[in-house]
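To start, the structure under review is shown below, and the notes come after it.
Only the coordinates and a few stated rules stand behind these numbers; no lab work does. Being a predicted model, the structure only gives us computed values, none of them experimental. Note that we place each Cβ from the backbone using ideal geometry, even for glycine, and neighbour counts take in every protein chain shown.
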Amino acid sequence: MESMNNYDVSITACDLYFCPIKTRVPLKFGIETTTHVVSARSFMTVTSHNGVTEQGIGETPLSVAWVWPGSLSYSYRLEQLKKFTINLRDAWRQCSYSGHPMEIGHRFIQNELRNLWKSHNEQVDEEHAIPWLAALVCNSLFDISLYDAYGNIHEISVWDTLCPPYMNNDLAFYYTDEHVKPFRGKYPQDYIVNSENVSDSLLAWHLVGAKDILDADSYTGEIVEDGYPFFLKDWIETDGLSCLKVKLSGTDSKWDYERLTRVGKIAMENGVLWLTADFNCTVTDVSYVCDILDDLILNHPRIYQMILYIEQPFPYEIAEHPIDVHAVSARKPLFMDESAHEWQQVAFGRELGWTGVALKTCKTFTGALLSMCWAKEHGMTLMVQDLTNPMLAQIPHVELASRCQTIMGVETNAMQFYPEASRNEAAVHPGLYKRVDGRVSLKTLGDKGFGYRFEEIVKKMEETGVESLWQKVD
């Protein structure tokens, strides 16, 4: 059973806001192309044992194409995700749990979130069922805001609360069966970089989307002229990039091979050092990936050497598609992303041959911490991948990468697809929303909660007279 201490908090209020965002250029997820998203923001109020109250903020884009791929219309899926998020707000308002955010967040995921998700899906057919990944994303903003509020009420960084005396339970409390023993007496803080040693900047990975225009040589379409780079070479030069993530189709091996080699040649010509390949979860045969890698070894060995790791070629639901991937991971490190919903999938993936995990704060901060601890305890390599996080969503995302010791830096691409959405946040944290010398900077973050410095962001918005697009949900 859980014990309690004087650092525990309970939830006393929870509000929800939505904000529409339009992309400056199309962003391709799997078989879909995204031109607009809706971001969701939570304001959660917590109360301490002695009656002190404080607020926290959490934010996540509801990236429909990523969390819920399928043939249903985009508008239908988006509306369902928004409704589900509203239902979660109501559930958080009624939540009676108290304790540390990890304890509250874990219980909420196992009980309220899972029950709401099952209840919704029992009322619809299989095609209209909300995926578990989508449910986690809808819940993530509330989970994040709880951690932020907890750090704020104790006037301490979230990262410094992941241990006693703040936590009531060690990590063994959260794992099951044979997974419990390694975590007895250990806490998340045992697996992260402490505040004294954390780096204040990170290498930034730039996303080369499947719809991105690589160069002007063969392009005859309209160029987006909005003050931001358009061609890949211009992005590399402007931002000083050294790391490129290449989105592939996973369904057309000839196109994928040619795309990798074209990007690789541009990378070599412009001083980029590292590549990674993302096959978009559409591959079902390991030979598809192995053949491309083997052809690269023979014909473009330098490009092969530049590939640091391979990301999620295979379908989301790892239990339904238990593919043995050792042949791929024997060639390059192989990272789970969409399949790694929770630590249980990470454990199963390791048995199948996956060697790394791509963490995302949008799968809930609680879940990311548990996956991180399990993976590091079992020798798996980590990365932190983007959900094209704008505005405040960028901050916990980049902080997670700075704390968990990724294989290299952090993926961050909101500045490519909707940079203007973050103009108010960028006024306070310029180094987080523009990549300089190929890096993002965490120097401006505050020392409480996630360090948003939200009041200063609001003040900047008022000074510039920029109208807020955030709309409160009644």
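With R₀ fixed at 30 Å, the C-beta to C-beta distance from Glu351 to Leu298 puts the FRET efficiency at about 0.45.
For a paramagnetic label modelled at 7 Å from the Cα of Phe173 toward its Cβ, which residues of the stretch 99-126 fall within the zone defined by backbone nitrogen distances under 13 Å? Answer for the stretch 99-126: 99-108. Size descriptors for the stretch 201-445: radius of gyration and Dmax over Cα atoms are 17.5, 51 Å. Multiplying the residue separation of Glu320 and Thr238 by 0.36 nm and removing their Cα-Cα distance gives an extension gain of 25.2 nm.
The relative contact order of the stretch 373-443 comes to 29 percent, based on Cα pairs under 8 Å that sit 6 or more residues apart. From the alpha carbon centroid of the stretch 297-373 to that of the stretch 253-287 is 17 Å. For the chain, the 222 nm mean residue ellipticity estimated from helices alone, with every DSSP H stretch of n ≥ 4 adding -39500 (n - 2.57) and the total spread over all residues, rounds to -10500 deg cm²/dmol.
Stretching Thr444 away from Glu269 to a fully extended chain increases their span by 59.6 nm, per 0.36 nm per residue minus the current alpha-carbon distance. Put a plus charge on the Cβ of each Lys and Arg, a minus charge on the Cβ of each Asp and Glu, and nothing anywhere else: the dipole of the chain about its Cα centre is then about 320 debye.
Quick one: Debye curve from the alpha-carbon atoms of the stretch 316-452 only, equal weights, vacuum; give me log10 I(q)/I(0) at q = 0.15, 0.16, 0.19 Å⁻¹ to two decimals. After summing over all Cα pairs, the log10 values are -0.74, -0.82, -1.04. Label-to-label distance for Ser468 and Met4 is 3.4 nm, based on points extended 7 Å past Cα in the beta-carbon direction.
Using R0 = 45 Å, the C-beta based FRET efficiency linking Glu127 and Gln305 works out to 0.55. Tally the DSSP beta bridges in the chain and give the antiparallel ones as a percent, rounded to 5. Taking every DSSP beta bridge within the chain, about 60 percent pair in antiparallel fashion.
Would you mind pulling out the separation of the Cα centroids of the stretch 175-222 and the stretch 10-53, in Å? A separation of 20 Å, based on Cα centres.
Considering only Pro69, Ser10, Gln189, and ranking their Cα positions along the charge dipole of the chain that arises from unit charges at the beta-carbon of Lys, Arg, Asp and Glu, the one farthest toward the positive end is Gln189.
When all alpha carbon pairs of the chain are counted in 20 Å bins from zero, the resulting P(r) reads 25, 60, 15, 0 %. Ranking Phe335, Thr220, Thr47 by how far each Cα lies toward the positive end of the dipole of the chain (charges on Cβ) leaves Thr47 at the top.
In this simple spin-label approximation, Arg423 and Val52 carry label points 7 Å from Cα along the Cα→Cβ vector, and these lie 3.8 nm apart. Take every Cα pair under 8 Å whose residues are at least 6 apart in sequence, average their separation, divide by the length of the stretch 9-183, and the relative contact order is 26 percent. Spatial offset of the stretch 382-403 relative to the stretch 110-162 amounts to 17 Å, using the alpha carbon center of each. Pairs of Cα atoms nearer than 8 Å and 6+ residues apart set the relative contact order; for the chain it is 18 percent. The antiparallel fraction among DSSP beta bridges confined to the stretch 201-445 stands at about 15%. So how tilted is helix 132-153 from the main axis of the chain? Cα-based, degrees 0 to 90, rounded to 10. Helix 132-153 and the main axis of the chain meet at about 50 degrees. Using +1 at the C-beta of Lys and Arg and -1 at the C-beta of Asp and Glu, which of Leu244, Ser201, Asn270 has the Cα lying farthest in the positive direction of the dipole of the chain? The one lying farthest along the dipole's positive direction is Ser201. Summarising the label geometry, the points placed 7 Å from Cα in the beta-carbon direction at Asp226 and Ala327 lie 4.3 nm from one another.
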